[in-house]
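Have a look at the structure below before the remarks.
Throughout, read-outs are computed from the coordinates displayed, never taken from laboratory work. Fair warning: this is a prediction, and the values are worked out from it, not measured in the lab. Cβ placement follows ideal geometry from the backbone for every residue including glycine, while neighbour counts extend to all protein chains displayed.
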DNA sequence: GTTCTGACA
DNA sequence: TGTCAGAA
C-alpha cells in the first residue's frame, strides 16, 4: 500500500483503489468464507488481481470488497447466488462513474465566514463564480455560489 | 501463520 | 458449502 502524502490528503481520502486485501482479510470483512470466495472466482462472479509472492496468493481490490459485500447482503436477504449477483450488477452499473465524479468534483476545503466549506469548483463556464457546499448539524447540505474575486 | 488446489461428505 | 489433506 502506498501513502499519497499530505499535499494530496483530501484526494487520497477518496483514493480507495490503493487498498489491497488477501482472501483471509476479505472473508473477515464481509463474512463470506474463503471457500465461497474461491468458488465465486471460479464462476467468474468476482475477480482477483494478478497474484504475487511465493504463495501465489490472491489479491483483491476495494471494488471487489464492495462487490462481495453487496452480493453477501442480497444472499442474506434470501436471494439465490445467481439472483444476488444480478442485483449486484444492476446496482454497480447504476453507480458506475459515481465515485469518479465525486473524486473529480471535490477541489478542496476552506473556511468561509466561520463555516467549513467544500470547494466544488467553478460554477459557470466563464469561471467567474465558484460553487461551495457546507453541511449543518442536521447533516443537511447547503450550496453557495460565490464570485471568484472574493477569495483572492 | 496463511493460502493453494483437489477431493469428499 | 464446510472441512480436510499435503504442499508452498
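What shape does the stretch A:6-100 take by its C-alpha gyration tensor, where a ≥ b ≥ c are the square roots of the eigenvalues and a/c under 1.5 counts as rounded, a/b above b/c as prolate, and the rest as oblate?
oblate
Under a plain spin-label model, where a point goes 7 Å from the Cα along Cα-to-Cβ, how far apart in nm are residue A:34 and residue A:127?
5.3
From the Cα gyration tensor of the stretch A:89-152, with a ≥ b ≥ c the square roots of its eigenvalues, which class applies: rounded if a/c is under 1.5, or else prolate if a/b is larger than b/c, or else oblate? Walk me through the numbers before you get to the answer.
Numbers: a/c = 2.93, a/b = 1.56, b/c = 1.88.
Oblate, because a/c is 1.5 or more while a/b does not exceed b/c.
Let me make sure I get this right: for the stretch A:57-101, a, b and c are the square roots of the gyration tensor eigenvalues over alpha carbons, sorted descending. Under 1.5 in a/c it's rounded, otherwise prolate if a/b > b/c, else oblate. Which is it? Intermediate values should be presented prior to the final figure.
Working: a/c = 2.55, a/b = 1.23, b/c = 2.07.
Taking the square roots of the gyration eigenvalues as a ≥ b ≥ c, the stretch A:57-101 is oblate.
Okay, helix-only estimate at 222 nm for chain A: each DSSP H run of n ≥ 4 adds -39500 (n - 2.57), divide by all residues, round to 500 deg cm²/dmol; what do you get?
For chain A, the value works out to -11000 deg cm²/dmol.
What is the distance, in nm, between label points placed 7 Å from the Cα along the Cα-to-Cβ direction at residue A:90 and at residue A:57?
Label-label distance for residue A:90 and residue A:57, simple model: 3.7 nm.
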